[in-house]
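Reviewing the structure listed below.
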Ligand SMILES: [Fe+2]
């Protein structure tokens, strides 16, 4: 005997089912988009080749920029490391590599907005750079700074204060990773009270930098201590991890939250 659904379910019941399916499809909550577009600008990326531990060559630099753009970032800041251990990374050299990078993007037919800033390590050489100025900044005289591991908090306090005197706004690069600071949660809260901005790495939210770092990043998110979420991308492997991070509802949640506040560089 052949089982025929059409014959066993009355026509009115079939219509009711179709109606319910239609209403469910119409009103079910839309999944959050898997994109970094709400962040708008990536303020921390090691795209420029051959300058630090970032991309190895121009081909990788172009594919990283293209990948970040595909993931939703509309404007990319190149932020090579500047530190005492990289004496060749002078503003003139960075500018020359940045110009070559822009030409390569255009030769590849990629219309992507890119700008140059830097990530300064607050090491023994930094005060000299600050005195000599000007420094390579993000908009609003924001200066992306990274802490030297195991530096005493009192030295950092002085350095950050000196930055404010020169009217730079410190943007702490990935403070969720500074577990070397004693009572770092309190230190982060203090920085926030002083008006410093805090940039969290997207991959910190996935646990890529360890469980403790992820917990700190989530604590910062919950307490509205995050100013920006950035890729801090160095290579193709990290680009792929960033792509996969969008599968995480935590990451999408954080992106939405920063997006609602105007993105990474609110006007
Ligand atoms: Fe970095």
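Values quoted throughout were computed directly from the atomic coordinates according to the rules given, and no laboratory measurement underlies them. Computed from a prediction, not measured in an experiment: that's the story for all the values here. Cβ placement follows ideal geometry from the backbone for every residue including glycine, while neighbour counts extend to all protein chains displayed.
As I understand it, the value is the acute angle between the Cα axis of helix 153-165 and the longest principal axis of the Cα atoms of the chain; what does it come to in degrees, rounded to 10? Computed tilt is about 90 degrees.
To the nearest ten degrees, helix 211-222 and the longest principal axis of the Cα atoms of the chain are 80 degrees apart. For residue 167 and residue 84, a Förster radius of 25 Å and the Cβ-Cβ distance give a FRET efficiency of 0.55, rounded to the nearest 0.05. Converting the Cα gyration tensor eigenvalues of the chain into ellipsoid dimensions via √(5λ) gives semi-axes, longest first, of 44, 23, 15 Å.
In a fully extended conformation the segment linking residue 34 and residue 108 would gain 24.1 nm over its present Cα-Cα distance, using 0.36 nm per residue.
As a proxy for reagent exposure, 197, 119 were ordered by neighbouring Cβ count within 10 angstrom, fewest first; the result is 197, 119.
Relative intensity of the range 146-267 on a log10 scale, I(q)/I(0) at q = 0.14, 0.18, 0.23 Å⁻¹, equals -0.60, -0.98, -1.43, per a Debye sum over C-alpha point scatterers of equal strength in the absence of solvent. When the helices of the chain are scored as -39500 (n - 2.57) per DSSP H run of n ≥ 4 and the total is divided over every residue, the value at 222 nm lands at -13000 deg cm²/dmol.
Using only Cα atoms, find the angle between the long axis of helix 184-193 and the longest principal axis of the chain, and express it within 0 to 90 degrees, rounded to the nearest 10. The two axes meet at around 80 degrees. The range 64-90 and the range 134-193 have Cα centres spaced 19 Å apart.
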